[in-house]
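In what follows, a single structure is set out as C-alpha cells and then discussed.
Rule-based calculations on the coordinates, nothing more; no lab input. What you are looking at is a predicted structure, and each value in this text was computed from that prediction instead of being measured. Note: ideal-geometry Cβ built from the backbone for every residue, glycine included; neighbour counts use all protein chains shown.
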Amino acid sequence: MSLTESVLAGNRLALARLLTQVENDSPEGRRALAELFPHTGRAHLIGITGAPGTGKSSLVNQLALHYRKGTDRKVAIVAVDPSSPFTGGAVLGDRVRMRDLSGDSGIFIRSMAARGSLGGIAKKTAALVQVFDAAGYEIIIIETVGAGQSEVDVARLAHTTVVVEAPGLGDEIQAIKAGILEIADVLVINKADRPGVENTERALRSTLELAHPARRVFRHHGQTMSVSAPAIDSTTWIPPINKTVATEGKGIAAVIASIAKHVEHLRQSGDWAARDRARLESEMETLLREALLDRFFASVQQVKYEETIEKVINRNISPYEAVKYLLNGKQV
Amino acid sequence: MTEKKIRVLVAKPGLDGHDRGAKVVARALRDAGMEVIYTGLRQTPEMIAEAALQEDVDVVGLSILSGAHMALAPRILELLKKNGQDQVRVFIGGIIPDEDLPRLKEMGITGIYGPGASTEDIIKEVRAAVQLRGA
C-alpha cells in the first residue's frame, strides 16, 4: 500500500510521516498532495489567532474537546510556533496546554515551526491542512503563532477566523487599527475572570460599531439626533463577542455556537464557495511565483547574477534596472 | 526545495515536577537548529508515545528525576515499537544511578545524561544518532 492509500485508510503513522514529507516539500510529499487533492474540500477550517499569551492553545484544547463530545467527527489541530531567525530551530510548546486531548484517537495534533514565514502560519500550513482534510478530519483547527497586528494569513486559509483577546492588552486606539481585528469572524475575550474585561469588551464593541454602522438614535448634548448609516440586512455578518475562561472551560459552548452560526452564514450567503475559491487561487499564485523564481534561477548564469549584484552594490545601476537586465538581458 | 529538520520530542514522564533540565535541553537543541516539541509535565508513557507518533519525531528525550526510569523507559520503548516507530532514538536525562546504565543501554536507550552533562555533547550525539538512521 502506498503512503497515500494508507493515509486514506486511516493509518495514523502513515499520516504523520506524510505530514513530514509535505512539510519538507519532498518529491514524495508533492506527489501525495496531488493524489490526495480530489479528496479535499470537506473540512471546516477554523483559524485561531491572537497575541502571545491570550490563551489560544487553551481555547483550542477546549474547542477540540467540545467538538469530540457526542460525535464521531475527527478533529485535527495544526499548531504553529515561531522559528528562530538565526538558527532555524524552534521550541513548539502548544501541546503543553492540550494534554486533555491525549488518548483520543479521533484527535490528531501536529506542531509546526513557522520556518521563516512572517504571516502567522508556515508556508506549508495550507498543504498540511489539505492532507488532514483528505484523511477525513472534518474539523481542522489552525492555531497561529502569537500574532501581533499584521499576521493575518490565517484568514486566507480558514473558513472561520477566531481572534482571541485578553483583558489589559490595549486601548481603543489599538482596536481601531487595521489588521488582526478586521479578520475576525468570531471574537473571544479569554481570561474573562480578570479585571479590565469590561473595558476590553467596550473597546471591541465600539470597533465593531464603527465597522458595521447601524441606524440608530444618538443622544448628543441633550439633543436627539438621527444618524443614518448603510443599512445592515440579514446578509451582513457581525462578529459576535464571546467571553471565556478557557482553562476552566467556561463560555466554550457559546464560542462553538458562534462558529456554527458563522458556517451557516457562509453557506447561505455563498461566501463558503467564495472563500474556497480565493484560498485556492492565492495558493496557486504562491506556487506559481515560487516556480517562476526557481525557473529563473535555473536559467540565469551565476556569474551574470553576481556581476549584476556587484553593480547594484557599487551604485552603478538601481535594483529596478538590475531586475530588468536580468530578465531581458539588455545592457543598462 | 527540500528542507529536512531534526524533530525532537522533549517529554517529562512520571510525577516529578522539575522541568528546568528539560527546558535547558529544549533550548539548547533549538539553538542547534532543531525543532523541539515540548510536552509539559506529568506525561504518561502512552501520552508520550502518542505525541511522538503525531509529531513524527526522529528523537525522544526523556527527563526523569523521580527514580522511576527503570519502569518508565521500557514502557515507552515498547509503545514506540508497537506504534511502528522502532527507528525513533530515545535519550534520557536526569538522575540515573550508574548501575542502571548497562540495562538501559541494553534496552535500546541511545544516550544517558546526568547532572553536569554538556549540552554540546547532547547535540552532537543527537545529530549522530539521526544521521545514522538516515544513512
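Would you work out the Kirkwood radius for chain A? I mean one over the mean of 1/r across all pairs of different Cα atoms, in Å. If you can, show how the numbers build up before the last one.
Working: mean 1/r = 0.0449 Å⁻¹.
One over the average 1/r among Cα pairs gives 22.2 Å for chain A.
Where is the GNM fluctuation largest for chain A (alpha-carbon springs, 10 angstrom cutoff): A:Ser105, A:Ser269, A:Ser299? It is A:Ser299.
Remark: mean inter-chain Cβ contacts per residue of A:93-100 equal 5, using a 10 Å Cβ-Cβ cutoff to other protein chain atoms. Each part reduced to its alpha carbon centroid, region A:251-269 and region B:28-43 end up 36 Å apart.
Partner shielding of A:12-19 amounts to 4, given as the average count of beta-carbon atoms from other chains within 10 Å of each residue beta-carbon. The magnitude of the dipole of region B:7-134, with charges of +1 and -1 set on the Cβ of Lys/Arg and Asp/Glu and taken from the Cα centre, is near 140 debye.
The ranking of B:Lys23, A:Lys56 by Cβ neighbour count inside 10 Å, starting from the fewest, reads B:Lys23, A:Lys56.
Taking the Cβ of each residue in A:Leu327, A:Leu157, B:Leu101 as the centre, tally the other Cβ atoms inside 10 Å and list the residues starting with the fewest. List each step's numbers first, then the result.
On the way: A:Leu327 10, A:Leu157 23, B:Leu101 14.
Listed from fewest to most nearby Cβ atoms, that is A:Leu327, B:Leu101, A:Leu157.
Using θ = phi - 60° in the Karplus curve 6.51 cos²θ - 1.76 cosθ + 1.60, the 3J(HN,Hα) couplings for region A:86-94 round to 9, 9, x, x, 7, 10, 9, x, 5 Hz; x is entered for Gly and Pro. Legend: distances between Cα atoms for A:Lys191/B:Lys81; A:Lys123/A:Lys261; A:Lys250/B:Lys82; A:Lys69/A:Lys191; A:Lys69/B:Lys4; pairs beyond 32 Å are A:Lys191/B:Lys81; A:Lys250/B:Lys82; A:Lys69/B:Lys4. Counting only other chain Cβ atoms within 10 Å of each residue's Cβ, the peptide A:107-116 averages 4. The residues packed around A:Val164, meaning those with a beta-carbon under 11 Å from its beta-carbon, carry a net charge of 0 if Lys and Arg are +1 and Asp and Glu are -1. Whole-Hz Karplus values for region A:317-322 come out as 9, 8, x, 4, 5, 4 Hz, taken residue by residue from phi with 6.51 cos²θ - 1.76 cosθ + 1.60 and θ = phi - 60°; glycine and proline positions read x. Within a straight-line Cα-Cα reach of under 16 Å, A:Lys324 can be paired with the following lysines, leaving aside sequence neighbours fewer than 8 residues apart in one chain: A:Lys304, A:Lys311.
Considering the dipole of the protein assembly as shown built from charges on the beta carbon (Lys and Arg +1, Asp and Glu -1) around the Cα centre, which of A:Thr49, A:Val300, B:Ala117 is farthest to its positive end? Result: A:Thr49. A:Ser258 sits among other residues whose Cβ lies under 13 Å from its own Cβ, and their net charge, with Lys and Arg +1 and Asp and Glu -1, is 0. Per-residue Cβ neighbour counts within 10 Å put A:Val80, A:Val303 in the sequence A:Val303, A:Val80, beginning with the fewest.
Mind checking the full-extension length gain between A:Ser269 and A:Glu209? Use 0.36 nm per residue of separation minus the Cα-Cα distance, one decimal, nm.
Working: separation 60, 0.36 × 60 = 21.60 nm, distance 2.15 nm.
Full extension from A:Ser269 to A:Glu209 adds 19.5 nm.
Scaled to the globular estimate 2.2 N^0.38 Å, the Cα spread of chain B, given as radius of gyration, is 0.96. With the simple spin-label model, which puts each label point 7 Å out from Cα in the Cβ direction, the A:Glu307 to B:Lys105 separation comes to 6.0 nm.
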